[in-house]
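> Submitted below is the structure of interest, expressed as structure tokens.
Just so it is clear, none of the values below were taken in a lab; they were calculated from the coordinates. Because the structure is a prediction, the values reported are computed rather than measured. A quick note on method: Cβ atoms are made from the backbone with ideal geometry, for glycine too, and the neighbour counts reach across all protein chains shown.
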Amino acid sequence: MAAAMGAWSARHRKTALFGWLLFVILSAFLGGLHGSTEVADSEAMPGQVSRAARILDEAGLTAPASETVLVQSATLTADAPTFRAAVEQVVAGVNGTGRATDVRSPYDTGAVSADRHSVLVQLDVKGERKEAVANVTAVLDAVAAVQEHHPDLTVAELGDASSGKWIDEQFSSDFTRAEWTAVPLALGILLIAFGALVAALLPVVLAVTAFVAAGGLVALSSGVLHTTDSAGSVMLLVGLAVGVDYCLFYLRREREERAAGRDSATALKIAAATSGRAVLVSGVTVVVAMAGMFLTGIAEFRAMAYATILVVITAVLGSLTVLPALLSMLGDRVERGRLPLLGRPRRRSTATTGGRFWNAVLTPVLRRPLAAALLACAVLLGLAAPLLTMRTANLTFRQQLPAGNALVAVSDKIEAAFPGSPAPASVVIKAADIDSPAMTAAIADLRARALAGGRTHGPVNVTVHPEQNVATVDIPLNGSGNDATSVAALKSLREELVPATVLRVPGTEAPVTGRTAGSHDFNAKMTGSMPLVLGFVVVFAFLLMLTTFRSLAVAATAVLLNLLSVGAAYGVLTLVFQHGVGASLLGTAGVGAVESWVPLFLFVILFGLSMDYHVFVVSRIKEGHDQGLSTRAAVAHGIRSTAGVVTSAAAIMVAVFAVFGTLSMQAMKQMGVGLAVAVLIDATLIRAVLLPAVMTLLDERNWYLPRRLRWLPDLSHGGSVPPTGPGPAVRGADPTAPDSGPTAPDSGPTGSEQARHRRIGV
């Protein structure tokens, strides 16, 4: 298929090129015209949180964006005239904006700290989330004006709308910075890899256009499958990495064949039949691995998976069609724009053997494969060891934001003055008659038990909506919001207090929602779905490798090596972000937990992306073996001849992922660092040490396929390309010696091999 697509594109260059441009422009235009439909609160979270959101939606009610204004003095108490004046100015100023409702004075609600040096003014910002985020600016300005008039007091605001405003602005800023940093980084690495401006620009241009087209398609289809802001970030992250890598694999093979003396048409056909096939298999692996995330049943994961699938399909399509068309048009002009020093033509032996560095690494591995395998496994298991202590959680607002952030400082002050979770649990009650005496008594009983129970505290706020027969009871939980104390308080509320009070009234629903409830339900859903997703991805990867290479050993090796690299990445993630080891180097600190969605997301992404290298490298090894090399010699030649392109591809992926490790949000940092570390490990310890060591130890057993499995479809290219390496005469050659590179073609294929060549036009 890859060969046929490349051949068609080379014959219909203008059609392929202008068809791609039209596709990108139309996708972007129509997507922008349609706009994005984002995941609603009722589908964003599972469990009781989702049910509570649906009850409010069906009743036409929206949970208000609540805000809190802290007024605090180190010397004055809440009864001092100056203190009271500042509080009254806050209430008047906020009311004067016309953007807030239900402004509550602490002297009415009793929200005064135990030492009476701090009070909380509580209010709701008008509008749903986006409107509230826009409206909160006026409220913040009013609070800032009071602070300016009372410099001896602390007057600061914190809440859903103000934190949402900061997050939205920071997310946009980070996303823009990532775009403007990742693209030049990728281009710089490609300039080093190719030494020519035109060759370096092609992969970047194709990757960026693939991302633009996929973004338009995601927006266009978001009415059916809703999207999220994080899905866009993931799409950029993965799209740029795989788009550049796919083009790099293809382009380097075409350049290598030209350097070996092939004519332009033959070089392009060989690249299509080999690297093109590796790109296709890799793309299919990423797509199906990402499809496993649909099994979680979580809307944000579905959005991430869908966006990633679209960008990968688009990148594969561009690599297999537009790139061959461009290479056919450019020919050797792709080497134009050579740069001083970097632009010197590579020696053929260096281009195909990896140079001195990779020879120095690979030679001892091939001479002592058992020792190399044991040492690599020991290092990987050591890196993975902290995984045993991993704790996952939906990180709180304070954990997500960088240390020293102004909002975090306000949160810390509120927490110190008013111990307990700053975000209350909310009991959403739907009854047949919310104003009935039985329900009124049950709600009062719930309030009294919550205040007396010891796991929750006041103030408990009750809001009744008689027309909709819905009420909400907001109950602050003890603890920080996602620690064991908060979880115990949530369980007590759900399993003891609510069933013993409001649920005793027939025909009543009372799901408990809030930040702690959301984190708990999300983690429970993740824990339940993770074995299913992991099993799906592992089984599919095994079957794909088995079908692609028709070998049990290759398929099993691929899965086991991937599991080792993922485990090592998990260990580093736990060590840095949970325990804080080296976190200061990334501008952060240990937060005691890993974001709950990150491990599963990393597993799925890495299992897909690691196939980039695995399929590319093992295809080259099998190609050499099919052309007559012994397994040991094929491993030596395959690893050496792909070392350069794997190094370049890994450097690009690590650079792009590392950019996300510099962003402000903790979850983005964890995702970026986890991916960067995993790819670095995969391209070095796995591909350069463990893979050649294991394949050398297995020797001819690498290609074993039981008789009962020989019915499997043959997706291997086998002898479908002209020989590019030494022939059978070198079966006894020392594979540990530096490879001198491909020799001139032998007398050529015969019999069935010739027929296979004719079928793909080589």
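> For region 166-176, take each phi angle, set θ = phi - 60°, evaluate the Karplus expression 6.51 cos²θ - 1.76 cosθ + 1.60, and give the result in whole Hz per residue in order, putting x for glycine and proline.
After applying 6.51 cos²θ - 1.76 cosθ + 1.60, I find 5, 5, 4, 5, 5, 4, 5, 5, 5, 4, 5 Hz.
> Run through the DSSP bridge list for the chain and note the antiparallel percent, rounded to the nearest 5.
90
> Starting from the amide H of Ala425, placed 1.01 Å from N in the peptide plane, find each other amide H under 5 Å away whose residue is 5 or more places distant or on another chain.
Counting only residues 5 or more places away or on other chains, the set is Ile475, Leu477.
> Here is a further query. What is the chain's relative contact order, in percent, from Cα pairs under 8 angstrom and six or more apart in sequence?
Worked out over the chain, it gives 17 percent.
> Related question: Starting at the first residue of region 519-533, write each ³J(HN,Hα) from the Karplus equation 6.51 cos²θ - 1.76 cosθ + 1.60 with θ = phi - 60°, in whole Hz, x for Gly and Pro.
Rounded to whole hertz, the list is 5, 5, 5, 5, 5, 5, 5, 5, 4, x, 8, 4, x, 5, 5.
> How big, in percent, is the set of alpha carbon pairs in region 209-350 lying more than 24 Å apart?
Here the tail beyond 24 Å accounts for 41 percent of pairs.
> Would you mind calculating the gained length between Asp699 and Leu61 on full extension (0.36 nm times residue separation, minus the Cα-Cα distance), in nm to one decimal?
Result for the pair: 223.0 nm of gain on full extension.
> OK, next. Beyond 51 Å, how much of the Cα-Cα pair distribution for the chain remains, as a whole percent?
Here the tail beyond 51 Å accounts for 25 percent of pairs.
> Could you grab the relative contact order for region 59-165? Cα pairs under 8 Å, six or more apart, rounded to a whole percent.
Computed value for region 59-165: 40 percent relative contact order.
> In addition: Only helical DSSP H runs with n ≥ 4 go in: add -39500 (n - 2.57) per run for the chain, normalise by residue count and round the 222 nm mean residue ellipticity to 500 deg cm²/dmol.
Computed ellipticity for the chain at 222 nm equals -20000 deg cm²/dmol.
> Projecting each Cα onto the charge dipole of region 424-513 (Lys/Arg +1, Asp/Glu -1 at the beta carbon, about the Cα centre), which of Thr513, Leu490, Pro437 comes out farthest on the positive side?
The listed residue farthest towards the positive side: Leu490.
> Same structure, new question: Angle, helix 406-417 long axis vs. longest principal axis of the chain, Cα atoms, 0 to 90°, nearest 10?
40
> So if I place +1 on the C-beta of Lys and Arg and -1 on the C-beta of Asp and Glu, and nothing else carries charge, what would the dipole magnitude of the chain be about its Cα centre? I want it in debye, nearest 20.
4100
> Highest mean first, how do 245-252, 386-393, 548-555, 440-447 rank when packing is the count of other Cβ atoms within 10 Å averaged over residues?
So the order, starting with the most tightly packed, is 245-252, 548-555, 440-447, 386-393.
> Compute the angle between helix 13-34 and the longest alpha-carbon principal axis of the chain, please, reported from 0 to 90 degrees and rounded to the nearest 10.
So the helix axis and the longest Cα principal axis differ by about 0 degrees.
> Among the lysines, which fall within straight-line cross-link reach of Lys491, defined as a Cα-Cα distance under 19 Å, with same-chain neighbours fewer than 8 residues apart omitted?
Cα-Cα hits under 19 Å: Lys525.
> Name the long-range amide H neighbours of Ser596: under 5 Å, sequence gap of 5 or more, or other chain; modelled H, no Pro or chain starts.
Ala393, Asn394, Leu395
> So which lysines pass the test for Lys165, namely a Cα distance under 28 Å, with those fewer than 8 places away in the same chain ruled out?
Reachable lysines: Lys126, Lys130, Lys413, Lys669.
> With no solvent and one point per C-alpha, what does the Debye sum give as log10 I(q)/I(0) for region 59-165 at q = 0.12 Å⁻¹?
-0.37
> For the ranges 11-20, 277-286, 396-405, what's the packing order if you count other beta-carbon atoms within 10 Å of each residue, average per peptide, and put the highest first?
Top of the packing list down: 277-286, 396-405, 11-20.
> With bins 5 Å wide starting at 0, give me the P(r) of region 424-513 over every alpha carbon pair, in whole percents.
Pairs per bin, as whole percents: 3, 16, 28, 26, 15, 8, 3, 1.
> Treating cross-link reach as a plain straight distance, find the lysines whose alpha-carbon is under 22 Å from the alpha-carbon of Lys14, omitting any fewer than eight places away in the same chain.
Cα-Cα hits under 22 Å: Lys269.
> What are the ³J(HN,Hα) couplings of region 205-221, residue after residue, when phi is run through the Karplus curve with 6.51, -1.76, 1.60 and θ = phi - 60°? Round to Hz, x for glycine and proline.
My calculation for region 205-221 gives 4, 5, 5, 5, 5, 5, 5, 4, 5, 5, x, x, 5, 5, 5, 5, 9 Hz in order.
> A further question follows. Which of the listed residues, Ala144, Leu690, Phe294, is farthest toward the dipole's positive end in the chain, when Lys, Arg count +1 and Asp, Glu count -1 at the beta-carbon?
Leu690
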